[in-house]
Amino acid sequence: MRAFWIVLDSAGIGNAPDAEAFGDEGSNTWKTCYDSGKLHIPNMEKLGIYNIDEMNYGDKSLSPIGCYGRLHEKSMGKDTTIGHWEMAGMISPKPFPVYPDGFPKDVLDEFRKQTGREVLCNKPYSGTEVIKAYGREHLETGALIVYTSADSVFKIAAHEGVVPVETLYEYCKIARKILMGAHAVARVIARPFVGQYPNFERTDRRHDFSLVPPKQTVLDDLKDAGKDVIGVGKIYDIFAGKGITETTANHGNKKNMEKVFELQKKDFNGLCYINLVDFDMIYGHRRDILGYTTALNEFDKDLEIFLANMRDDDVLFITADHGCDPGYKGTDHTRESVPLLGYSKCWKQGVNIGTRDTYADIAATLAQIFEIEYHGDGTGFLEMLK
């Protein structure tokens, strides 16, 4: 038995019941792309994307081949870590700490002491803009560019010619140890870049150092049951390696999907969990509507290949972890409901699984599929598909 679980990072569908509490009322990543007039996703339409509750636009399939539904987030956040942890079966009732005014002096003093380097910036910033603003000073002084966002993140940007990538990773590990307890941010992120002022460019050697999930997830349950748990993209980073048996680092949507096609040709027994981060990192945060739309179109082409390569007992889930509406104000994530599409040749076709009140229902259903002991949150829906 093989299950493939693809996360379209940030591809929300709006209408979260608590969006207003997060300052995101009216945000809708998918509809922004649809309204561009450039969205062409016949394979997701065939699975039933526009048949989902409150998707009151697009061409609804009269005979969808997949199951389809909408998931609300129960955790108190709208970032990658908290979203993936919930979909893997762990609801987080408390939000991670955020730093709209920068990190406190005692944290940065300890970071300076342990790294031996000074710090620049220390405030919320766009990742592309921060290297434009501080990159030249960084080259001249060797000081590390430390910044954050509306999410619970401590980001360190450094030029690869000034700070070798492996050294930057060590600095991130230092920060990860410092940022615990009251300052336990969800992720410490290495953002290496290259080039000369003002033409700096970030590289694909980003690395996330997440908190270890404090509870058992479906990944742990699968691993404990002797199943394979293969991460593609940021999955290993998001779970700090916990519950993962094999990993391939993120190299962008296209290369990540090429890796998935390779894995489709292999025999394994368990889960292949894939994060496609370009939607969020390259297009959502930069509020690039056309880029985001084009990326969805490109994924849909890859989906056609994926569906053609599925074995009779393979299972596919497609979902998202939050929103990042490229047509919305600001540059940060947006609190949205997310889509869920599922398909297997051995399931009923055209099943509306409705609106679910937690992402964790995916994990509970995977546990049912593999018939393993499950320790997480959520309610499975496999009986609807048989």
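The values are calculated or read from the model by the stated rules, or taken from the named source; none is laboratory data. These numbers come from a predicted model, not from an experiment. Cβ: placed from backbone, ideal geometry, glycine included. Neighbour counts: every protein chain shown. The area values use the complete protein model at the heavy-atom level, side chains included, leaving out ligands, DNA and RNA. Shrake-Rupley method; radii C 1.70, N 1.55, O 1.52, S 1.80 Å.
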Quick count over the stretch 61-96, residues being under 15 Å from Gly12 (Cα atoms), open to solvent by 30 Å² or more (accessible area, probe 1.4 Å) and touching a helix residue (DSSP H, G or I) at 6+ places or on another chain (Cβ under 7 Å), is 2
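Does the stretch 189-246 hold any residues that are aromatic (Phe, Trp, Tyr), part of a loop (DSSP other than H, G, I, E, B) and open to solvent by 20 Å² or more (accessible area, probe 1.4 Å), and which are they? Let's see the steps before the verdict.
Going through the stretch 189-246, the residues aromatic (Phe, Trp, Tyr) turn out to be 193, 197, 200, 209, 236, 239.
If we keep only those that are part of a loop (DSSP other than H, G, I, E, B) as well, we get 197, 239.
If the condition is that a residue be aromatic (Phe, Trp, Tyr), part of a loop (DSSP other than H, G, I, E, B) and open to solvent by 20 Å² or more (accessible area, probe 1.4 Å), then Tyr197 is the only one that fits.
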The conditions are (1) of a type outside the set (D, E, K, R); (2) open to solvent by less than 60 Å² (accessible area, probe 1.4 Å); (3) outside any strand (DSSP E or B), and Gln349 fails exactly one of them. Which is it? (2)
The stretch 1-20 residues that are among the basic types (Lys, Arg), paired with ones that are open to solvent by less than 10 Å² (accessible area, probe 1.4 Å) (beta carbon under 6 Å, 6 or more apart): Arg2/Asp314
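Considering every residue within the stretch 330-341, establish whether at least one is farther than 30 Å from Gly127 by Cα and at pLDDT 95 or above. Walk me through it before giving the result.
Going through the stretch 330-341, the residues farther than 30 Å from Gly127 by Cα turn out to be 341.
Then keep just the ones that are at pLDDT 95 or above; that gives 341.
Yes, that holds for at least one residue.
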Among (1) in contact (Cβ under 8 Å) with a residue 60 or more places away in the chain; (2) in contact with an Asp or Glu (Cβ under 7 Å, 6 or more places away or on another chain); (3) not in a loop (DSSP other than H, G, I, E, B), which single condition is Ile372 missing? (3)
Pairs returned, first residue in the stretch 224-236 that is modelled with pLDDT under 95, second residue that is open to solvent by less than 50 Å² (accessible area, probe 1.4 Å) and charged (D, E, K, R), beta-carbon separation under 8 angstrom, 6 or more apart or interchain, are Lys234/Asp9; Lys234/Asp208
For residues that are over 25 Å from the mean Cα position of the chain (by Cα), touching a residue at least 40 places away in the same chain (Cβ under 8 Å) and in a loop (DSSP other than H, G, I, E, B), tally how many sit in the stretch 68-116. 1
Can you pull out the residues in the stretch 302-333 that are over 18 Å from Val277 (Cβ atoms), open to solvent by 60 Å² or more (accessible area, probe 1.4 Å) and assigned to a loop (DSSP other than H, G, I, E, B)? Arg311, Asp312, Asp313, Lys329
Restricting attention to the stretch 2-60, the residues that are open to solvent by less than 60 Å² (accessible area, probe 1.4 Å) and among the basic types (Lys, Arg) number exactly 1
Single residue of the stretch 137-177 satisfying the filter (of a type in the set (A, V, I, L, M), buried (at least 21 other Cβ atoms within 10 Å of the Cβ) and touching a residue at least 60 places away in the same chain (Cβ under 8 Å)) that is nearest to His285 (Cα to Cα): Val153
Please identify the pairs in which a residue from the stretch 241-255 that is at pLDDT 95 or above has its Cβ atom under 7 Å from the Cβ atom of a residue that is among the hydrophobic types (A, V, I, L, M, F, W, C) and open to solvent by 70 Å² or more (accessible area, probe 1.4 Å), counting only partners at least 6 apart or on another chain. Lys242/Val212
